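The following block contains the structure, expressed as structure tokens.
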Amino acid sequence: MLQEFTFNPLKHNVIKAKKFAQYFTNIKIAVFMTDMIAKENLTKSKKIRILDAGAGEGILGIQAVKRCVELGCKDIELTFYEIDEELHPLIKEHSDDFKNSLQDKQIKLNIKIISVDFVLSRPSKKYDIAIINPPYFKYSVKTSEYADATSDLFKGNPNIYASFMAICVESLKKTGVLISITPRSFTNGLYFKGFRNFLYKNVSFEHIHIFKSRDKIFKDSQVLQECVICKMTKVKQNEKIVISSSNSDIDLASSIVNTYSKSLIIDMSNDLKMIHIPEDKREANILIQANSLRSTFEKLGYYISTGPVVEYRTREFIIEGNSNPDIKKYVPLIRAHNVYPMKTRLLKHEKNAYFLINKLSKKHLLKNKTYILLKRFSTKDEKKRLIAGILHANILTSEYVGIGNKINYIGAKDEELSNEEALGLSAVLNSRFMDDYFRCFSGNTQVNASEIRVMKFPSRKKVQCIGKEIQEKTTTEDILEKIVLKNLFSEDLKFE
């Protein structure tokens, strides 16, 4: 074993860190990531080239060298890309300390620090290993210098971290390895669709690690993204993928580790091709059961859209509070606080609002019909991500209704939802089973319509049967769950 050496974490300027979107890697995560480097990843090169892009303090790159030395490498070249030149002395200090720790081990180590923008000035060399904790930020597709900077690799401009990952993949030798820690957001949703397709064409997902806690990984930088660590190899996708999970970096050593078929993890059954990440065997069983459902939400003839009222753009039409406006001139504006499981409440509330009806405002309103309302954002005190209420047409006497853009509204494409079908559809979406299924592929706090459209779903006949059964009896949350599971799978399933 090598002599231990110490990293000196930077007491960095918070304003400057935000400018460069820097979220520094701690040593526990660095060790976990570099332990993913295996002997077979190094056998084809006498000289190992390692890339650390967006290097920060240099911890990942140096720890990767340490791992390679322990695996028997004698000739290593490490290249850091770091645009913040104030960090260069710290990278050099850590590099020098590491070199001293080698102590006559006859290791040839060449270290380079490059200060150009990694996305705008791509590497010309090919690397055996890329290990990164890239910056995370969205940028303007109209004004940013990063817009379309990676258009030769994938379609779209989802986030700068995707650009870092794609360029690293492009810079790898055949059979090279990328190990990254990033937000989970690239695994699902429409914005990252082009990026996911790029990955599927170029790498094999070998190992994905998920942190169950949102707020503990980069807590000093107040990052609330759900993060994942991924190991990818530049070969055709392997049949098996390792999935591990821990609550945070503290319990990495006792992570839950399972291996699954690629077909369970990478969903090729629809155009989005999302990546499912079950935290444990229980969630894997939920995925298996969901995959047994023969249709999807959209194929059944349902539609889902975001509420058309964007309040900051329509302030002139909105009045707030518990006043009783003229019902001929105003209609209720449904907000997230009005939506509850299985129902929509229009009781007096300080957050209530009403929307003016006139020639200019009608384009922001919907015809008064029976809709399912699905919250787009869940609050901290809500246990579920999917919260669906029914807005019955007979609740309102007006021809129109206002629905805010923090709510998704759902209906049937060619007909109005019957009371039975509305009950059944709301019950399915509110079920613990569907909520757990949704969490397997969505790490966002937002419920996106594009993800709901491709969710596996029971037939409309079964949805209607669920609604009919609910209509005929008094139900609790537990009874609703039993009714849903019985109709979905024709057996009393338990997911312990």
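Give me the pairs: first residue in the range 290-312 and in contact (Cβ under 8 Å) with a residue 12 or more places away in the chain and polar (S, T, N, Q), second residue open to solvent by less than 40 Å² (accessible area, probe 1.4 Å) and assigned to a strand (DSSP E or B), beta-carbon distance under 7 Å, and six or more apart or on different chains, which are they?
Correct list of pairs: Asn291/Lys456; Ser295/Phe457; Thr296/Lys456; Thr296/Phe457; Ser305/Asn408; Ser305/Tyr409; Thr306/Asn408.
What residue, among those in the range 63-108 that are acidic (Asp, Glu) and part of a helix (DSSP H, G or I), is most open to solvent (accessible area, probe 1.4 Å)?
Residues of the range 63-108 that are acidic (Asp, Glu), as a first pass: 70, 75, 77, 82, 84-86, 93, 96-97, 104.
Okay, now just the ones that are also part of a helix (DSSP H, G or I), so 70, 85-86, 93, 96-97.
Numbers: Glu70: 72, Glu85: 117, Glu86: 135, Glu93: 76, Asp96: 60, Asp97: 56 Å².
It comes out as Glu86.
A follow-up question, please. With respect to Ile243, is the statement that it is closer than 20 Å to His209 by Cα and either of a type in the set (D, E, K, R) or not in a helix (DSSP H, G or I) (or both) true?
On the way: closer than 20 Å to His209 by Cα: yes; either of a type in the set (D, E, K, R) or not in a helix (DSSP H, G or I) (or both): yes.
Criteria met by Ile243.
Looking at the range 315-341, which of its residues are without any contact (Cβ under 8 Å) to a residue 60 or more places away in the chain, hydrophobic (A, V, I, L, M, F, W, C) and either in contact with a Pro (Cβ under 9 Å, 6 or more places away or on another chain) or exposed (fewer than 14 other Cβ atoms within 10 Å of the Cβ) (or both)?
Ile319
In the range 425-446, what count of residues is obtained for those that are open to solvent by less than 10 Å² (accessible area, probe 1.4 Å) and over 18 Å from Leu300 (Cβ atoms)?
Of all residues in the range 425-446, those open to solvent by less than 10 Å² (accessible area, probe 1.4 Å) come to 425-429, 431, 433-435, 437-438, 440-443.
Narrowing the set further to residues that are over 18 Å from Leu300 (Cβ atoms) leaves 435, 440-443.
So the answer is 5.
Would you check if there is a residue in the range 360-373 being touching a Phe, Trp or Tyr at 6+ places or on another chain (Cβ under 9 Å), open to solvent by 40 Å² or more (accessible area, probe 1.4 Å) and of a type in the set (A, V, I, L, M, F, W, C)?
Yes, there is a match, as at least one residue in the range 360-373 is touching a Phe, Trp or Tyr at 6+ places or on another chain (Cβ under 9 Å), open to solvent by 40 Å² or more (accessible area, probe 1.4 Å) and of a type in the set (A, V, I, L, M, F, W, C).
If you don't mind, there's one more thing I want to ask. Filter the range 113-145 down to the residues that are within 30 Å of Asp96 (Cβ to Cβ), open to solvent by 20 Å² or more (accessible area, probe 1.4 Å) and free of Cβ contacts under 8 Å to residues at least 60 places away in the same chain and list them by number.
Residues satisfying the conditions are Ile113, Ile114, Ser115, Val116, Asp117, Leu120, Ser121, Arg122, Ser124.
Quick one: in the range 152-206, of everything that is more than 23 Å from Ile59 (Cβ to Cβ) and of a type in the set (Asp, Glu), which residue is least open to solvent (accessible area, probe 1.4 Å)?
Step by step, filter the range 152-206, then rank; the result is Glu170.
The conditions are (1) under 24 Å from Thr182 (Cα atoms); (2) touching a residue at least 40 places away in the same chain (Cβ under 8 Å); (3) open to solvent by 10 Å² or more (accessible area, probe 1.4 Å), and Leu60 fails exactly one of them. Which is it?
The one condition Leu60 does not meet is (3).
For the range 129-142, does any single residue satisfy the condition of being under 18 Å from Ile50 (Cβ atoms) and out of contact with any strand residue (DSSP E or B) (no Cβ under 6 Å at 6 or more places or on another chain)?
The answer is yes, given that some residue of the range 129-142 is under 18 Å from Ile50 (Cβ atoms) and out of contact with any strand residue (DSSP E or B) (no Cβ under 6 Å at 6 or more places or on another chain).
What about Thr475, is it more than 19 Å from Phe377 (Cβ to Cβ), free of Cβ contacts under 8 Å to residues at least 40 places away in the same chain, of a type in the set (Ser, Thr, Tyr) and not in a helix (DSSP H, G or I)?
Yes.
Return a yes/no flag: does the range 414-423 have any residue that is in a strand (DSSP E or B) and open to solvent by 10 Å² or more (accessible area, probe 1.4 Å). Walk me through how you get there before you give the answer.
Filtering the range 414-423 down to residues in a strand (DSSP E or B) leaves none.
No, the conditions are met nowhere in the range 414-423.
Quick one: in the range 1-52, of everything that is β-branched (Val, Ile, Thr) and part of a loop (DSSP other than H, G, I, E, B), which residue is modelled with the lowest pLDDT?
Thr6
Pull out all pairs, ordered by first then second residue, where Cβ-Cβ is under 7 Å, the residues are six or more apart or on different chains, the first lies in the range 243-254 and is in contact (Cβ under 8 Å) with a residue 60 or more places away in the chain, and the second is aliphatic (A, V, I, L, M) and buried (at least 17 other Cβ atoms within 10 Å of the Cβ).
Partner pairs satisfying both residue conditions: Asp249/Ile29; Asp249/Ile217.
Further question: Quick check: is even one residue across the range 370-378 part of a loop (DSSP other than H, G, I, E, B), at pLDDT 95 or above and β-branched (Val, Ile, Thr)?
Checking the range 370-378: at least one residue is part of a loop (DSSP other than H, G, I, E, B), at pLDDT 95 or above and β-branched (Val, Ile, Thr).
Something else: Among the residues that make up the range 343-353, is at least one of them open to solvent by less than 70 Å² (accessible area, probe 1.4 Å), over 28 Å from Lys383 (Cα atoms) and over 33 Å from the mean Cα position of the chain (by Cα)? Let's see the steps before the verdict.
Quick first cut of the range 343-353, residues open to solvent by less than 70 Å² (accessible area, probe 1.4 Å) only: 344, 346, 349, 352-353.
Imposing the further condition that a residue be over 28 Å from Lys383 (Cα atoms) reduces the set to none.
No, that holds for no residue.
Another question, if that's okay. Among the residues of the range 282-305 satisfying the criterion of being surrounded by 16 or more Cβ atoms within 10 Å (Cβ to Cβ) and aromatic (Phe, Trp, Tyr), which is farthest from Ser459 (Cα to Cα)?
Per the criteria, the residue is Tyr302.
The values are calculated or read from the model by the stated rules, or taken from the named source; none is laboratory data. All figures in this text were calculated on a predicted structure; none of them were measured in a lab. Every residue, glycine as well, gets a Cβ built from its backbone with ideal geometry; the counts of neighbours run over all protein chains shown. Quick note on the areas: whole protein, heavy atoms, side chains included, nothing else; ligands and nucleic acids left out. Shrake-Rupley method; radii C 1.70, N 1.55, O 1.52, S 1.80 Å.
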